[in-house]
Amino acid sequence: MNFHVMTLFPEMIEQGLSTSILGRAKDKGLIDFEAVNIRDYSADEKHHKVDDYTYGGGAGMLMQAQPIYDCYKAIEEKIKKNRNCEDAAKIDAGGKRLRVVYVTPQGAVFNQQMAADFAKEEDLVFLCGHYEGVDERVLEEIVTDYVSIGDYVLTGGELPAMVMIDTISRLVPGVLNNDESAMTESFGNGLLEYPQYSRPEEWMGKRVPAILLSGDHKKVDEWRLEQSIERTKERRPDLYEKWMIENPPKPEKKKRRRKKTAENKEENS
Ligand code: SAM
């Protein structure tokens, strides 16, 4: 999977994505990313200016349409060449349009499901805004998805783009050593992950729950599910409600679930 990031600060993207799991995935050729400097496409040859005042007044500068559009066109050209595809609107072999994500506080809030959807793309383009944001006209022209990382405002789009690229990359087959782990992690099944423990068996007087040392995999799985449910109920009631609607307990399971929860509470106290 290839990530193309339009940015005024390419070094942030390059440094941020080159280490640890993503760095290794890049070395293995599982993912690739290029940070393209929007400034290189400025029509202002002298100062490479990319921003200007906002019509109608107001504080701050706005990123101009032309450098972003030309930067995008260069990326699109490169992708078309790589894929031998003439029609930009149908850049994917399957006839899907190339997706261009503008990271913005005005977008839909990013989540694991969106990440899984983006992970199906062969190429994904990100536009990182700065200053007051971006001239609306170029957004209308090139953007397919408006995505936010939360209801707060950052100084620029580089961190949000990296957050999304990291999350999406983990879902690309082979990037994680154990593909299963993405499934059992928080949000994989609509719940938060259960608590986990490593050696030693006792630390600061706290013992690892006995069930995890039992070797009984069925019981361990049951315990983990109960713990996941409890944790989600406590910390993310919104997710819990949704999960309960999608997974209504059968009458006998309901009883068992209540009993297990009470046992777990006792064991952990
Ligand atoms: N004036 C814009 C507004 O009120 O919506 C905010 C501009 S912000 C200072 C500059 C850039 O940072 C944005 O263009 C966007 O790319 C990025 N950004 C800031 N907060 C973000 C968030 N929560 N999610 C995604 N991108 C964000």
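Some points to look at:
- Across region 32-187, the mean sequence separation of Cα contacts (distance under 8 Å, 6 or more residues apart), normalised by length, yields a relative contact order of 22 percent.
- Ordered by 1.4 Å accessible area with all protein chains kept, Arg224, Arg258 run largest first as Arg258, Arg224.
- Of Ser42, Ser214, the residue with the largest accessible area leads and the full order is Ser214, Ser42 (1.4 Å probe).
- Amide H contacts under 5 Å for Val36, placed H, 5+ residues apart: Val5, Met6, Thr7
- Extent of the chain along its three principal axes (Cα atoms, max minus min coordinate, largest first): 71, 43, 40 Å.
- Figure note: Leu62, Leu225, Leu22 ranked by solvent-accessible area, largest first, 1.4 Å probe, ligands and nucleic acids not counted: Leu225, Leu62, Leu22.
- For q = 0.11, 0.16, 0.17 Å⁻¹, Debye-computed log10 I/I(0) when each Cα of region 138-228 counts as one equal scatterer: -0.56, -0.90, -0.95
- Per-residue 3J(HN,Hα) values for region 117-122, derived from phi via the Karplus relation 6.51 cos²θ - 1.76 cosθ + 1.60 with θ = phi - 60°, read 5, 5, 5, 7, 6, 7 Hz in sequence order (x marks Gly and Pro).
- Efficiency of FRET from Cβ geometry, Glu246 and Tyr197, R₀ 25 Å, rounded to 0.05: 0.30
- Solvent-free Debye scattering, log10 I(q)/I(0), computed from the Cα coordinates of region 106-162 at q = 0.22, 0.25, 0.31 Å⁻¹: -1.01, -1.26, -1.52
- Across the cross-link table entries Lys26/Lys73; Lys120/Lys233; Lys218/Lys259; Lys49/Lys78; Lys46/Lys80, which are compared at the Cα atoms, the separations over 22 Å belong to Lys26/Lys73; Lys120/Lys233; Lys49/Lys78; Lys46/Lys80.
- A dipole drawn for the chain from +1 and -1 charges on Cβ atoms has a positive end, and of Val125, Leu192, Gly107 the residue lying farthest that way is Leu192.
- Long-range HN-HN contacts of Met61 with modeled amide H, under 5 Å: Glu132
- Sorting the segments 105-113, 183-191 by their residues' average number of neighbouring beta-carbon atoms within 10 angstrom, most packed first, yields 183-191, 105-113.
- DSSP-defined antiparallel bridges as percent of all bridges, the chain, nearest 5: 20 percent
- A straight line joining the Cα centroids of region 109-164 and region 193-259 runs 35 Å.
The values are calculated or read from the model by the stated rules, or taken from the named source; none is laboratory data. Since we're looking at a predicted model, the values are computed, not measured. Cβ coordinates were reconstructed from backbone atoms using ideal geometry, including for glycine residues, and neighbour counts include every protein chain displayed. Ligands, DNA and RNA are excluded from the accessible area calculation, which covers all protein heavy atoms including side chains. Shrake-Rupley method; radii C 1.70, N 1.55, O 1.52, S 1.80 Å.
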